[in-house]
Amino acid sequence: MIRKPVPLFFEGGPQAVILLHAYSGSSNDMRLLARYLQGQNYTVLAPIFTGHATGDPADILREGSPQQWWQDTQDAIAFLRQRGYRRIAIFGLSLGGLFATRALREDPTLVGGGTFASPVIFRGTTHVPEVFVRMAQTVYRRENLSDEEFKAKMVWIQDHLPAQLMAIQAFADTTATHLTRIKQPIFIAQGTADEMIDPRSGQWLAAAFPATQIDFHEYVGASHVLTVNSAHHALETDLQTFLHTIF
């Protein structure tokens, strides 16, 4: 029995950090980083976006949308505020970085935040569509479906995926057009061997801000999921250093 991921809420000190996961990911992507930050006396919240981590990839397309995930982001901030946390930073991996960036733009009371391997400024290529389809195939093959059931599920995924990816792109574009409204310090992390998005994505985002506002880190040879791959120790250390400057 595979345990389904659950939202993470690790209480530490009075300063709080929100960690938003990637498209087709879950809070599991953030567990290592969340535990590390808790060990550094931060309170950490890693929610799960609507439709994710249900066991059925189609739920991401059925139940999720950029508007819903933006609401999830606002709900996460409200959850911490209701518990008395006033000094909050917000970060996101890939898709999560889009919502962390929008939150910083819309809520100047957040003390800072940033992105890990996030295509906020989208150019070049993306391998998200084929990776999502492969992930769905893997999940459905575990279910011992008949050939007809398997094909039907995959046809449904491939029919509905493009519209959601277009909606995500529109959300990203809208966010990117007003980056100058963000006044808080920004942390940007990017792997040079990113297999999902253009490895220059971090550089493009960093170029949109004054050099004094950003803390940009490139991890040589690191792939997309920086929170768990070869870069995760370096990322943890760099992020802790950044947090010391904003809290």
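The values are calculated or read from the model by the stated rules, or taken from the named source; none is laboratory data. Treat the numbers as computed from the prediction; the structure is a model and nothing was measured. Heads up, the Cβs are rebuilt from the backbone with ideal geometry, glycines too, and the neighbour counts pull from every protein chain shown.
Points to keep in mind about this one:
- Filtered by the rule that a residue be in contact with a Gly (Cβ under 6 Å, 6 or more places away or on another chain), crowded, with 19+ Cβ neighbours inside 10 Å, in a loop (DSSP other than H, G, I, E, B) and free of Cβ contacts under 8 Å to residues at least 40 places away in the same chain, the stretch 164-223 gives a lone residue, 222.
- Residue in the stretch 214-226 that is among the aliphatic types (A, V, I, L, M), at pLDDT 95 or above and more than 19 Å from the chain's Cα centre (by Cα) present: yes
- Residue count for the stretch 15-47, restricted to those that are closer than 18 Å to residue 139 by Cβ, touching a Gly at 6+ places or on another chain (Cβ under 9 Å) and not charged (D, E, K, R): 4
- Unique match (being out of contact with any His (no Cβ under 8 Å at 6 or more places or on another chain) and within 17 Å of residue 215 (Cα to Cα)) among 116, 99: 116
- Residues satisfying the stated conditions in the stretch 11-24, i.e. of a type in the set (Gly, Ala, Ser), over 13 Å from residue 89 (Cβ atoms) and buried (at least 24 other Cβ atoms within 10 Å of the Cβ): 22
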